[in-house]
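Q: One structure, as structure tokens, below. Some questions next.
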Amino acid sequence: MPPRTTHRSPPAHTLTRRRALQGAVSGSVGLGGALDSLAGPPPRVPVQAASHPVRLRVDATATGRPARPQLLGSNTPWVYGSEGLMDARGQWLPHMIRRARELAPTLLRYPGVPDTHDWRQGIGPLASRSPVFAYPGQPHQTIVYGTQEFLETCETVGAEPMIQLNLHDGDDATLARLAAAWVTHVNQGTLVSRITGRPLPKVRWWELGNEPYLMEATEADGRPNRLMLTPEAYAQRVNAVMAAARAVDPTLKFGLPFAIDTHSGQPWRNGGDEMANVVGPQLGFARRVLGKLQRPQDIGWLSLHCYMPQLNDPQDAQGRPLPLPDARSLFWATVAGSETWRHSLGRAVRLWRDHASTRHLPAPPIAVTEYNAFYSTRRINGQDAPENTWVTTLTGALYVADLLRMMSELPEVGAALHWSLNGNWVFGALAATPVGAPERERPAAGALRLAAQVLREGRLLDCGVQVATTGAVNKRVGFCAPWPEMPLASAMASRNGQKLQVLVIHKDPDRDADVSLQLDHAQVRSAQLKTLQADATFDAPETARASRLVQRDWQPAAGGDVTWRMPPGSIALLTLTLA
């Protein structure tokens, strides 16, 4: 599940990510009348007339690196028929499954909310499935989207399946047996698609729970949290579950949820300006877990979640809410967020390589199993604060595109899965719409579509970028670290046969970009430009006006650079057909 708020080492009045998720779903989290003055539409940043140059250079004859299709995954939680992919009768909504097929995620992760999930409650005829617990404060619901339905969705959209195991609701022996039985059901049985009649895909990606480093010792009402495990107890459970599952399938490798205490790698300090990635009882989580693993060689990948900028819920000494950062600061923190994660992912790998229990082993690849823009879950008199919905603006999509660009440059990242495919409050790439209603995709879907053109096939090429930098990102905002010399554009490129494609992320919110591409050792026959743009930063969240795709086709002049103009804060895909 996505994080819904951030924290330092949380005092009693601070919402944790997990608690805020429940409040965001149920509408039960309120902050009273103290924030009335903060409500209202998001401020618009006016566009200035000036432009600035962005110069790109690509060698079309370079060998390049393999394409990265496994960066194009997504998440499909079990709740609410996978957030609107199916109806309450267990029928796929044709328009939603068609849109999912068009988006074509290469990996799908399930069940999204595994902490209390018993997969056995989601198999068999729908009439035999009883309503079960989903979220605190929410009515029980039937698992309409169970294992069979999930695997059939993977078959339909062409995705490889990833399953998260329940490591919290039960004791070590019980959960080990439950995991082994699920592996047997999926990988040793013969599940057949009700759609095609063919065997359903086997599962090689098995993740050991979800965000155990965010499990607190108490519930929001002060009661003990029965699901909470210390890092040492979690490692003990991992040992039991891996042993039981490998007894069924000795070839399995597992994904280990992983988090370093702070993005900087420095110890968290009470009163410091850096927020922790883990809740108080889980400080030192990664180091403590690695120290108790019996067979770390069975860890096939490290699972990390990359949200940005993730605002702490700022409060004064009496616990009263304070204003959130201004829109300008939040824009810069969003478009600079990928650099914070570049360093943080590297530090996670180094922790594995330096730890006494794992330094003798190769570092496993990273799977970023959840990522998206994320701002706030604050509620004002029962309504979402404006910042909550900014995930659904083009600014949020800029982060999605730039993070994919950054991850494509890191060989340590083996997979990435956007949170999430559809619905899911503000996080789904596709808005969940009923039959007959106008279909709508959020700007993140547009960013994913454009990035997929570069990442899915062919060879990735180095793309040089010459552009001015900004000093605007000169202080920490949420989780985003200062980046005082941030380039105002980034890019990635690929070649597949005679087709060369360049994705450009333009980060200046005020000025147009005059882009020129110098293409070495190649002649261009034709050009097509698709630009995802908006009227202003944070414009029109959760509406069809949040972004629009503009296409232009032309034949560039022979022998010169390919040139075009990009509007402020936009994403462009240039497709060239080479002679």
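Q: Which of the three applies to segment 193-232, rounded, prolate or oblate, going by the alpha-carbon gyration tensor with a ≥ b ≥ c and a/c under 1.5 meaning rounded? It would help to have the intermediate numbers written out before the result.
A: On the way: a/c = 6.05, a/b = 2.75, b/c = 2.20.
Prolate, because a/c is 1.5 or more and a/b exceeds b/c.
Q: Let me ask another. Express the accessible area of segment 210-346 per residue in Å², computed with a 1.4 Å probe while the remaining protein chains stay in the model.
A: Accessible area per residue: 37 Å².
Q: May I ask you to list the lysines whose Cα is less than 27 Å away from that of K253, ignoring any residue fewer than eight positions away on the same chain?
A: K202, K292
Q: For the pair N496 and D316, what calculated FRET efficiency results from E = 1/(1 + (r/R0)^6), where r is the Cβ-Cβ distance and R0 = 56 Å, to the nearest 0.05? Can you show the working numbers first?
A: On the way: r = 55 Å, r/R0 = 0.99.
Here the calculated transfer efficiency is 0.50.
Q: Oh, and also: In the chain, if the dipole is taken from +1 on Lys/Arg beta carbons and -1 on Asp/Glu beta carbons about the Cα centre, which of L460, Y213, P438 is farthest to the positive end?
A: Ranked along the dipole, the leading option is L460.
Q: To make sure I understand the rule: partners must be lysines, Cα under 16 Å from the Cα of K530, and not fewer than 8 residues away in the same chain. Which ones qualify?
A: K499
Q: Let me ask something additional. Report, in degrees rounded to the nearest 10, the 0 to 90 angle that the Cα long axis of helix 17-26 makes with the longest principal axis of the chain.
A: 90
Q: Roughly speaking, to the nearest percent, how much of the chain's 1.4 Å accessible area is carbon and sulfur?
A: Working: 11040 of 21490 Å².
The C+S portion of the solvent-accessible surface of the chain is 51 percent.
Q: Now, a different point. Would you list, by chain and number, the lysines whose Cα falls below 19 Å from the Cα of K475, excluding same-chain residues fewer than 8 positions away?
A: Straight-distance partners of K475: K507.
Q: Report, in whole Å, the centroid distance computed from the Cα atoms of segment 543-574 and segment 205-277.
A: Here the two parts' Cα centres lie 44 Å apart.
Q: Counting only the backbone N, which residues of segment 95-120 are under 13 Å from the spot 7 Å out from the Cα of R295 toward its beta-carbon?
A: Answer for segment 95-120: none.
Q: While we're looking at this one, here's another question. How many nm is it between the label spots at T61 and R269, if each spot is 7 Å from the Cα in line with the beta carbon?
A: Distance between the two pseudo-spin positions: 5.4 nm.
Q: While we're here: In deg cm²/dmol, rounded to 500, what helix-only [θ] at 222 nm does the chain give when every DSSP H run of at least 4 residues adds -39500 (n - 2.57) and the total is split over its residues?
A: On the way: 10 runs with 129 residues, N = 579.
Helices in the chain give a 222 nm mean residue ellipticity of -7000 deg cm²/dmol.
Q: Considering only protein heavy atoms, what per residue accessible area in square angstrom results for segment 364-461 with a 1.4 angstrom probe? Present the calculation step by step, with values, prior to reporting the outcome.
A: Values: 2260 Å² over 98 residues.
Each residue of segment 364-461 exposes 23 Å² on average to a 1.4 Å probe.
Q: Let me ask something else. Magnitude of the Cβ-charge dipole of the chain, K/R +1 and D/E -1, about the Cα centre, nearest 20 debye?
A: Details: 59 positive and 51 negative charges, 176 e Å.
Rounded to the nearest 20 debye, it is 840 debye.
Q: Have a look at A522, I505, M162 and report the one farthest towards the positive end of the charge dipole of the chain, computed about the Cα centre with Cβ charges (Lys/Arg +1, Asp/Glu -1).
A: Toward the positive end, the furthest listed residue is A522.
Q: Taking the Cα-to-Cβ direction at L578 and at A243 and moving 7 Å from each Cα, how far apart do the two end points lie in nm?
A: 5.5
Q: Would you please put 541-549, 302-310, 266-274, 461-469 in order of how densely packed they are, using the mean number of other Cβ atoms within 10 angstrom per residue and starting with the highest?
A: In decreasing order of mean packing, 541-549, 302-310, 266-274, 461-469 become 302-310, 541-549, 461-469, 266-274.
Q: Rounded to the nearest 0.05, what FRET efficiency do E409 and S130 give with R0 = 45 Å and r taken as the Cβ-Cβ distance? Could you check? Please report the intermediate quantities before stating the final value.
A: Values: r = 48 Å, r/R0 = 1.06.
Efficiency, rounded to the nearest 0.05: 0.40.
Q: Here's another thing I want to ask about it. Given charges of +1 on the Cβ of Lys and Arg and -1 on the Cβ of Asp and Glu, with all other atoms neutral, how large is the dipole of segment 334-471 about its Cα centre, in debye to the nearest 20?
A: Details: 13 positive and 12 negative charges, 44 e Å.
I would put it at about 220 debye.
Q: In nm, to one decimal, how far is the modelled label at S526 from the one at D553, with both set 7 Å along Cα→Cβ?
A: Going by the 7 Å Cα→Cβ label model, 0.5 nm.
Q: Put +1 on the Cβ of each Lys and Arg and -1 on the Cβ of each Asp and Glu in segment 247-353; which of A333, W352, H263 then has its Cα farthest toward the positive end of the dipole?
A: Looking along the dipole axis, the top candidate is W352.
Q: Further question: Could you state the number of Å between the C-alpha centres of segment 365-390 and segment 111-176?
A: The two parts, judged by their Cα centres, are 24 Å apart.
Q: Something else: Computed over the Cα atoms, what is the radius of gyration of the chain divided by 2.2 N^0.38 Å, N being its residue count? Write down the numbers at each step before the final one.
A: Working: Rg = 23.3 Å, N = 579, 2.2 N^0.38 = 24.7 Å.
Normalised by 2.2 N^0.38 Å, the Cα Rg of the chain equals 0.94.
Q: Name the shape class, rounded, prolate or oblate, that the alpha-carbon gyration tensor gives for segment 119-254, where a ≥ b ≥ c are the square roots of its eigenvalues, rounded holds for a/c under 1.5, and otherwise prolate holds if a/b is larger than b/c and oblate otherwise.
A: Numbers: a/c = 2.23, a/b = 1.36, b/c = 1.64.
Oblate.
Q: Could you give the length gained on full extension between A356 and T174, defined as 0.36 nm per residue of separation minus the Cα-Cα distance, in nm? Display every interim value, and only then the final one.
A: Numbers: separation 182, 0.36 × 182 = 65.52 nm, distance 3.05 nm.
Full extension of this stretch gives 62.5 nm more.
The values are calculated or read from the model by the stated rules, or taken from the named source; none is laboratory data. Values in this document were obtained by computation on a predicted structure and should not be read as measured data. Quick reminder, even Gly has a Cβ in these numbers, built from the backbone with ideal geometry, and neighbours come from all protein chains shown. Only protein heavy atoms, including side chains, enter the accessible area calculation; ligands, DNA and RNA are left aside. Shrake-Rupley method; radii C 1.70, N 1.55, O 1.52, S 1.80 Å.
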